[in-house]
1. Enumerate the pairs (first residue in the range 122-150 and in a loop (DSSP other than H, G, I, E, B); second residue anywhere and of a type in the set (Ser, Thr, Tyr) and modelled with pLDDT of 95 or more) with beta-carbon separation below 8 Å, excluding pairs fewer than 6 apart on the same chain, so at least 6 apart or on different chains.
2. Spot the failing condition for Glu212; the list is (1) under 24 Å from Gln253 (Cα atoms); (2) touching a Cys at 6+ places or on another chain (Cβ under 6 Å), and only one is missed.
3. Can you work out which of the residues in the range 185-202 that are touching a Phe, Trp or Tyr at 6+ places or on another chain (Cβ under 7 Å) and part of a loop (DSSP other than H, G, I, E, B) is surrounded by the most Cβ atoms within 10 Å (Cβ to Cβ)?
4. Is there any pair linking a residue in the range 76-92 that is closer than 15 Å to Ala135 by Cα to one that is hydroxyl-bearing (Ser, Thr, Tyr) and in a strand (DSSP E or B), with Cβ under 8 Å and at least six apart or on different chains, and which?
5. Being out of contact with any strand residue (DSSP E or B) (no Cβ under 6 Å at 6 or more places or on another chain) and small (Gly, Ala, Ser) is true for just one of Ser61, Ser93. Which residue is that?
6. Kindly indicate which of Ala66, Ala100 is in contact with a Gly (Cβ under 9 Å, 6 or more places away or on another chain) and either among the hydrophobic types (A, V, I, L, M, F, W, C) or under 30 Å from Ala194 (Cα atoms) (or both).
7. Please determine, by comparing only the residues of the range 138-168 that are within 13 Å of the chain's Cα centre (by Cα) and more than 20 Å from Arg25 (Cβ to Cβ), which one is surrounded by the most Cβ atoms within 10 Å (Cβ to Cβ).
Amino acid sequence: MSAQYPHSLTHDERRHYVTQGYVIRESVFSSAEIDRICIACEDLVDRLVRNRQGERETFGSYVFDADIEHGVIIKWEGDSDIVHGIEPFAHLSEDLDTWAHDPRFINPMRDILDVDTPMLFTEKLNLKRPFHGGANPLHQDYPYWVPVADDAARIATAMLFLDDSTLENGCLHVVPGSHADGPWQGRADGDRFAANEIDQTQYTDVDLVPVEVAAGSIVMFGPLLVHQSAPNQSPAERRALLFSYQPPGFRTQLQALRARTAERPTN
């Protein structure tokens, strides 16, 4: 793309994305904006889980609860009533859908995806509550998306940190340059979903780099970047909003979820 927009990637950012697989921008959103986003996120969580009596299923390292009525998957912290994540959600929150189309997300994605109008593929709210937030194992997004996306290789994510992200509260860790190696080998010791996680016995010398940034910062990365995060062992929140974009006209996560729901047999 030749056109330049506000918040487009700089030359150095483009080079870093190509060679290292990610870009970090610090202090992109103000504290007042983050406060507003957090209110919208917590309101959404409260609405979805209030008096929730869904059926939970364990897949891989996670406990999921498909909220068919709302078209969303709730991820729980084990058997507790503490929410670990929600996906997708833009159709449930006008405020959060509006934020997803902010030029501070959209315009860098024009460069990363090389399209004029990046569109949402999915949205994820990750919650690591104080002393409760669990680990996200070493993985790439690509294998999770292959079954549901039109082209999982053409998806990129912007992760907005809603709280200061530190080693103590379970910050993101990335493996620079890992995207260049293609899909890594998945686990063979669990269920089909666990196979999406990386078999760490095959990668014993992984160079994990912590992403410690202030609230309001963004990291952008593609589907093949290897990453993980540790549990939250602090008294502080560690919340993050992830917007994943793709070229226009491609199927969304919500559409794939609704299609699978429609195929389920009824009693």
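1. Pro130/Ser234; Phe131/Ser234; Ala135/Ser229; Gln140/Ser178; Asp141/Thr157; Asp141/Ser244
2. Against the list (1) under 24 Å from Gln253 (Cα atoms); (2) touching a Cys at 6+ places or on another chain (Cβ under 6 Å), Glu212 comes up short only on (1).
3. Ranking the candidates gives Phe193 first.
4. His84/Tyr62
5. Details: Ser61 fails: out of contact with any strand residue (DSSP E or B) (no Cβ under 6 Å at 6 or more places or on another chain).
Exactly one of Ser61, Ser93 is out of contact with any strand residue (DSSP E or B) (no Cβ under 6 Å at 6 or more places or on another chain) and small (Gly, Ala, Ser), namely Ser93.
6. Numbers: Ala100 fails: in contact with a Gly (Cβ under 9 Å, 6 or more places away or on another chain).
Testing whether each residue is in contact with a Gly (Cβ under 9 Å, 6 or more places away or on another chain) and either among the hydrophobic types (A, V, I, L, M, F, W, C) or under 30 Å from Ala194 (Cα atoms) (or both) leaves just Ala66.
7. Among residues in the range 138-168 that are within 13 Å of the chain's Cα centre (by Cα) and more than 20 Å from Arg25 (Cβ to Cβ), the one surrounded by the most Cβ atoms within 10 Å (Cβ to Cβ) is Gln140.
Quick grid of which residues meet (1) assigned to a loop (DSSP other than H, G, I, E, B); (2) at pLDDT 95 or above:
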{"site": "Val28", "(1), (2)": "yes, yes"}
{"site": "Cys38", "(1), (2)": "no, yes"}
{"site": "Asp43", "(1), (2)": "no, yes"}
{"site": "Glu69", "(1), (2)": "yes, no"}
{"site": "His91", "(1), (2)": "no, yes"}
{"site": "Thr98", "(1), (2)": "no, yes"}
{"site": "Ile106", "(1), (2)": "no, yes"}
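The values are calculated or read from the model by the stated rules, or taken from the named source; none is laboratory data. Note that the structure is predicted; figures quoted are calculated from it, not measured. Note that each Cβ is placed from the backbone with ideal geometry, even for glycine, and that neighbours are counted across all protein chains shown.
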